[in-house]
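Nothing in this text is a laboratory measurement; each read-out follows from the coordinates by a stated rule. None of the values given here were measured: they were computed from a predicted structure. Here the Cβ positions follow ideal geometry from the backbone for every residue, glycine too, while neighbour counts run over all protein chains shown.
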Amino acid sequence: MRIIEVSDYKQMSVKAAQHVIGKIMKSDCLTLGLATGGTPTGLYGELIEDHHVNGTSYKCVNSINLDEYIGLSKEDPNSYFQYMCSNLFSHIDIALENTHIPSGMATDLQKECDRYEKLIEETGGIDLQILGIGENGHIGFNEPGTSFQSGTHLVELTESTREANARYFSSIDEVPRQAITMGISTIMKSREILLLVSGKSKQDAMKKLLENEVTESFPASILRNHPNVTIIADKDALTMVQHLHR
Ligand code: PGA
C-alpha cells in the first residue's frame with residue numbers, strides 16, 4: 001500500500017482529484033468505482049471545478065457505485081442516487097446511462113445483487129475504485145464479520161453505521177436498516193483502489209488498518225492483500241500511526 005500524507009481534507013481532495021483526472025486523461029474508456037458519504041464530496045467538488053475550468057470530459061467514463069440503501073427511491077434526497085446527482089453527475093458531462101447504482105427498491109433484492117455483480121463483470125471490471133473507510137473498518141457497507149469472499153449482497157447495517165449516517169436524516173429512525181453493497185471480493189477485483197481518509201474520527205481505523213493483522217473483523221484490512229492501493233490520508237487521520245516513514 002502506498003500512503004500519501006497530506007495536511008488536511010482540502011489537500012486530500014485535491015490530490016485525489018489529480019489522481020482521478022490523470023487516469024481519465026490516460027484512458028480511452030475508464031470505469032470508475034464511486035463512493036458516497038462525507039469523505040469524497042471534496043474530491044467530487046474538485047472534479048467539477050476541473051471540468052468547468054479545464055474541460056476534462058466524462059463522456060467515455062462509466063461509473064459503478066459501491067452501495068445503496070434499501071427502501072429509498074431514486075427521488076429520495078437521502079438515496080445515494082440523489083447524492084451522486086447532486087454532488088457530481090449533474091455538474092459534469094457523464095452520460096447518466098453509463099452510471100450505475102444498485103436499486104434499493106427492487107422487488108427481488110437477491111436478483112438485484114446478482115444483476116449488479118454481473119454488470120460489473122460485463123463492463124470489464126473496475127479500473128479505479130474510490131473508497132472511504134468507516135470508523136469500524138467497513139468498506140462499502142461491508143460491516144465487521146463480512147466474508148472476504150462476498151460478492152454484491154444484502155446487508156443489515158450496524159447501529160454504529162446508522163448512527164454515523166443519521167446526520168443526513170431528520171431522525172435516526174429514518175435511517176434505513178438494510179443496504180445493497182458490493183462485496184469484499186467485488187471490491188478486491190478492482191484493478192486499482194484509492195482510499196481517502198480524513199479526520200480524527202478515523203485515527204483508530206487507520207492505526208488498525210496499517211498496524212494490525214488481516215481479519216474479517218476489520219474489513220478494510222483486506223486491502224493489505226491488494227497489489228495496487230493508494231491511501232491519501234490527512235495528518236489528523238494518521239495521528240495514532242506509529243511507524244509511518246514521514
Ligand atoms: P464518511 O463515511 O465518508 O461519511 O466518513 C465513510 C464510510 O462509512 O465508508
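At-a-glance table
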| item | result |
| --- | --- |
| Prolate/oblate/rounded label for segment 58-121 (Cα gyration tensor, a/c 1.5) | oblate |
| In sequence order, calculated HN-Hα J values of segment 123-139 (Karplus, 6.51, -1.76, 1.60; Hz; x Gly/Pro) | 7, x, x, 8, 7, 9, 9, 8, 9, x, 9, x, 4, 8, x, 6, 10 |
| Sorted by Cβ density within 10 Å, fewest first, the residues Lys202, Lys235 | Lys235, Lys202 |
| Residue order, fewest to most beta carbons within 10 Å, for Ser171, Ser160 | Ser171, Ser160 |
| Highest-MSF residue in the chain out of Glu213, Glu121, Glu97 [GNM, Cα springs under 10 Å] | Glu97 |
| Two-decimal ratio, segment 1-61, of alpha-carbon radius of gyration to 2.2 N^0.38 Å | 1.13 |
| Loop chymotrypsin sites (Phe, Trp or Tyr not before Pro), segment 1-82 (other Cβ atoms within 10 Å of the site Cβ: 13 or fewer; DSSP) | none |
| Cα convex hull of segment 150-246 - mean projected area over all directions, nm² | 7.1 nm² |
| Isotropic mean projected area of the C-alpha convex hull, segment 4-140 (nm²) | 8.9 nm² |
| Computed over segment 117-191, the ratio Rg/Rh where both radii use C-alpha atoms and Rh is Kirkwood | 1.01 |
| Span per principal axis, largest first, for the Cα atoms of segment 81-159 (Å) | 39, 29, 27 |
| 5 Å binning of all Cα-Cα separations within the chain, expressed as whole percents from 0 upward | 1, 6, 14, 19, 21, 19, 13, 6, 1, 0, 0 |
| Counted charge near Phe141, where neighbours are those whose Cβ lies closer than 13 Å (Asp, Glu -1; Lys, Arg +1) | -2 |
| Net charge, Ser201 excluded, C-beta distance under 10 Å - Lys, Arg +1, Asp, Glu -1 | -1 |
